[in-house]
Amino acid sequence: MADSRSLYEQVILDHNKKPRNFGKIENADAEIEGFNPLCGDHFTIYVKMEGDRIREVAFDGAGCAISKSSASIMTTTLKGKTIEEAKKIFEAFHQMVTSAPDAEFDADALGKLQVFSGVREYPVRIKCATLAWHALVAALEGQTEEPVTTE
Ligand code: FES
């Protein structure tokens, strides 16, 4: 367990240092800001669709290591997924980070996102891990009112 924990930490640190899909998408179909009022961290999520499929997803902004790496892994996970698939992955992710530290979770459905399972031991970090996701799901649901807060 100690080994997987340090592996998870390495993945999080790597995505924090070199966030994937970081930057603006010109002519995005949706652009929405996510904001955590507790700390002021915020990201803008950009989505380009192809029918009901996410063709491109990117983000920019500033946040802590957990929020930034979560946004980064979110983009790599959801690219190419349908809206329904993306929502299901978010549900599984949300369930994992809000569950008891020893609760089972769907590792297959979550893939790389399971690196955030340690967040369960630090409830205050749940909002960090889900910040970008709340904004993305709001964008997929056609919400244009901004910003989407974690509250
Ligand atoms: Fe602000 Fe993590 S401390 S999102």
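Val57 passes all but one of (1) without any contact (Cβ under 8 Å) to a residue 60 or more places away in the chain; (2) under 12 Å from the mean Cα position of the chain (by Cα); which number fails?
Exception for Val57: condition (1).
Table: residues versus (1) touching a residue at least 40 places away in the same chain (Cβ under 8 Å); (2) within 16 Å of the ligand (Cβ to nearest atom); (3) within 24 Å of Ser117 (Cα to Cα); (4) not hydrophobic (A, V, I, L, M, F, W, C).
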{"site": "Val47", "(1), (2), (3), (4)": "yes, no, no, no"}
{"site": "Ser67", "(1), (2), (3), (4)": "yes, yes, yes, yes"}
{"site": "Ser70", "(1), (2), (3), (4)": "yes, yes, yes, yes"}
{"site": "Glu84", "(1), (2), (3), (4)": "no, no, yes, yes"}
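Would you point out the residue of segment 134-149, among those that are surrounded by fewer than 24 Cβ atoms within 10 Å (Cβ to Cβ) and within 16 Å of the ligand (Cβ to nearest atom), that is nearest to the chain's Cα centre (by Cα)?
His134
Just wondering, is there one or more residues in segment 94-105 that are of a type in the set (Phe, Trp, Tyr), free of Cβ contacts under 8 Å to residues at least 60 places away in the same chain and away from the ligand (no atom under 16 Å from the Cβ)?
Yes, there is a match, as at least one residue in segment 94-105 is of a type in the set (Phe, Trp, Tyr), free of Cβ contacts under 8 Å to residues at least 60 places away in the same chain and away from the ligand (no atom under 16 Å from the Cβ).
Please specify each residue of segment 9-25 satisfying the condition of being closer than 21 Å to Pro147 by Cβ and open to solvent by 70 Å² or more (accessible area, probe 1.4 Å).
Answer for segment 9-25, where residues must be closer than 21 Å to Pro147 by Cβ and open to solvent by 70 Å² or more (accessible area, probe 1.4 Å): Phe22, Lys24.
Residue check: is Phe43 over 19 Å from Val119 (Cα atoms), more than 13 Å from the ligand (Cβ to nearest atom) and in contact with an Asp or Glu (Cβ under 9 Å, 6 or more places away or on another chain)?
Against the criterion (over 19 Å from Val119 (Cα atoms), more than 13 Å from the ligand (Cβ to nearest atom) and in contact with an Asp or Glu (Cβ under 9 Å, 6 or more places away or on another chain)), Phe43 does not qualify.
Does Ala132 satisfy the criteria of being touching a strand residue (DSSP E or B) at 6+ places or on another chain (Cβ under 8 Å) and either of a type outside the set (Phe, Trp, Tyr) or part of a helix (DSSP H, G or I) (or both)?
Values: touching a strand residue (DSSP E or B) at 6+ places or on another chain (Cβ under 8 Å): yes; either of a type outside the set (Phe, Trp, Tyr) or part of a helix (DSSP H, G or I) (or both): yes.
So Ala132 fits the description; yes.
Restricting to segment 77-126, what's the tally of residues that are at pLDDT 95 or above and either of a type in the set (Asp, Glu) or touching a strand residue (DSSP E or B) at 6+ places or on another chain (Cβ under 9 Å) (or both)?
Matching residues across segment 77-126 total 10.
The values are calculated or read from the model by the stated rules, or taken from the named source; none is laboratory data. Here the structure is a predicted model, which is why all the values come from computation and not from measurement. Counting neighbours? That spans all protein chains shown, and the Cβs are built from the backbone with ideal geometry, glycine included. In case anyone asks, the SASA skips ligands and DNA or RNA and just uses the protein heavy atoms, side chains included. Shrake-Rupley method; radii C 1.70, N 1.55, O 1.52, S 1.80 Å.
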